[in-house]
Every structure is written in C-alpha cells, then in structure tokens.
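To start, the structure itself, in structure tokens.
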Amino acid sequence: MGLTFVAASTALDVISRVPVQLPSLPRGHLCLHQSPNERGFGGVVWPGAALMCEWLAQQQLEGANVLELGSGTGACGLFAAGLGAQTVLLTDGGSDTLLNLIRENAERNKPLLGSSSVRVERLVWGDVADSCAVMSTSEPCDYILAADVLYGTGPLDATQRSEALAATFEAMLLCVPSDPPAAESPTIQAGAA
C-alpha cells in the first residue's frame, strides 16, 4: 500500500481535500512534503500524479532520461527516478519557495532513488529562451511528464496555460541537442487524468 497524501481541490475557493495515494517503489514509499499555501497549485500532490505514477510503474525506465514539466512537489519525476531513470530534470515555473520544496523532496528521498541524477530547474512555460536554455543543459529526453498541469480558476486560465505549454513543447523540439539519442525515438502518449 502506498503513502497517502492530502491534496487540495483544483478550485481555489473550495477547501475540500482528497486523499492521494502513490504506488510503492522497489525501495519503499516516497516521502513528500507539501505546501498547500503555496501561491498557485504546485505545492500539493494531485490525483493525476497517482495515475501518472501507476503508468510509470508499467514502463521500462531503467537508464531513461526524464523531464517533468510543472513538477510541483516533484512526485512523478522522483517516482521515475525511484524506478531507475538515469537522469530526471524536475521543472516548474513557480516561486523560489516551490522550487526549494522540490529540491528538499529530492534530497529527502535520495535513499529511494538509487544512482539516478536528479536536478531541479525553473522553467516558465511559453518562454522560448527559457525552454532552450533548459534543453541545452539536459540529456535528450526519453520521457516528458506533465501530470495535472492544465487547470486554473476558469476556462480562460486553462486555455492560456494550454497555449503556454504548447509553446514550450514547440521550443523544446526546436532546441534539441545536435546529437540525438542512439536508442529508438521517444514515443508520445497522451492520456486523460
């Protein structure tokens, strides 16, 4: 049985809480601190993270390079590291407080991550220069993760976030390193959370 977390609703004005349970890793359970008072939505583990982790548990991640967009607490990327990913880049465009929360969660869970290299970087969606800078300092990605990232206080906010995410993906495709990985090409899979 996985560790249970408490997550806030996607609506800012709703205080209801939903327990979120992540699957177990081979070496134990992730211990993730949360910051529900963090501006925005990034400081909590959301239900889509549990679904993403269940999906990741079915993948062959040994030696993979993983990029997580909108990491929040780092749950999905750290789970991938715990499954044997070689490198994991956790990104978020949130505050310094949120980025420090991700770093602290990575440090706290080091014993579960084996030899995985985990890094945390700020990435503001829609900023082409920012996206290219992040891509130029990372390994070519085998997996790009984004769980529970398209939400907001209204339809316009969700639309703007979707457009910024699309611009980020486009920039990443244009800024790939000159030497593509020798392994088979990454597969794009979409799923609803």
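The values are calculated or read from the model by the stated rules, or taken from the named source; none is laboratory data. Quick caveat: nothing in here was measured; it's all calculated off a predicted structure. Please note: Cβ atoms are built from the backbone with ideal geometry, for glycine as well, and neighbour counts cover all protein chains shown. Please note that ligands, DNA and RNA were not included when accessible areas were found on the heavy atoms of the full protein model with its side chains. Shrake-Rupley method; radii C 1.70, N 1.55, O 1.52, S 1.80 Å.
Remarks
- Kirkwood analysis of the range 75-160, using all unique Cα-Cα pairs, places the hydrodynamic radius at 14.1 Å.
- Note that the range 106-118 has calculated 3J(HN,Hα) couplings of 5, 5, 4, 9, 3, x, 8, 9, x, 8, 4, 9, 10 Hz, one per residue in order, obtained from phi through the Karplus relation 6.51 cos²θ - 1.76 cosθ + 1.60 (θ = phi - 60°); glycine and proline are x.
- Once the chain from C175 to K110 is taken as fully extended at 0.36 nm per residue, the excess over their C-alpha distance is 20.4 nm.
- As a rough guide to protection, the peptides 61-74, 115-128 ranked by mean Cβ packing within 10 Å, highest first, stand as 61-74, 115-128.
- Accessible surface for the range 45-107, divided over its residues, is 32 Å² per residue with a 1.4 Å probe.
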